[in-house]
Amino acid sequence: MVKAQVSIYSFENYENLGETVREFWNILKSYRLNFISNSISTIIWSDDGSLIFEVLKVSFEKFKKNKLVFDIKILNFGPYPDFQIKDSEI
C-alpha cells in the first residue's frame, strides 16, 4: 500500500485556493482513490502506488499556471487510515 499526504499552498495571494483544493478532491474522486482531508492536508491511499503518482502528475499539470506549492509526503508502508470524512462533509 502507498499513502501520500498532500498540502497545497498558494505561492502568491491566491484567492481561489479553496476552489482549487475542491477541484483536487474531484480529481481524486474521478480516479476512485481513497482519501481523507482536513484544513491542512489531504491523505490519499491505494494498493496501486502508480495510480497515486499518476494523480499527482495530473494535478500538478492542471494547476501549474496557478503558482501553487505542493507539499507531498509519500509512504510505502503503514496501515490504512482509521477514520474517514464523508463526501457530504467535503
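Spacing of the modelled spin labels on Leu51 and Lys64, each 7 Å from Cα toward Cβ, amounts to 2.5 nm.
Counting every other Cβ atom within 10 Å of each residue's Cβ, Glu12, Glu54 order from fewest to most as Glu12, Glu54.
Readers should treat all values here as calculations from the given coordinates under stated rules, not as data from a laboratory. Given the structure is predicted, the values throughout are model-derived calculations rather than measurements. Quick reminder, even Gly has a Cβ in these numbers, built from the backbone with ideal geometry, and neighbours come from all protein chains shown.
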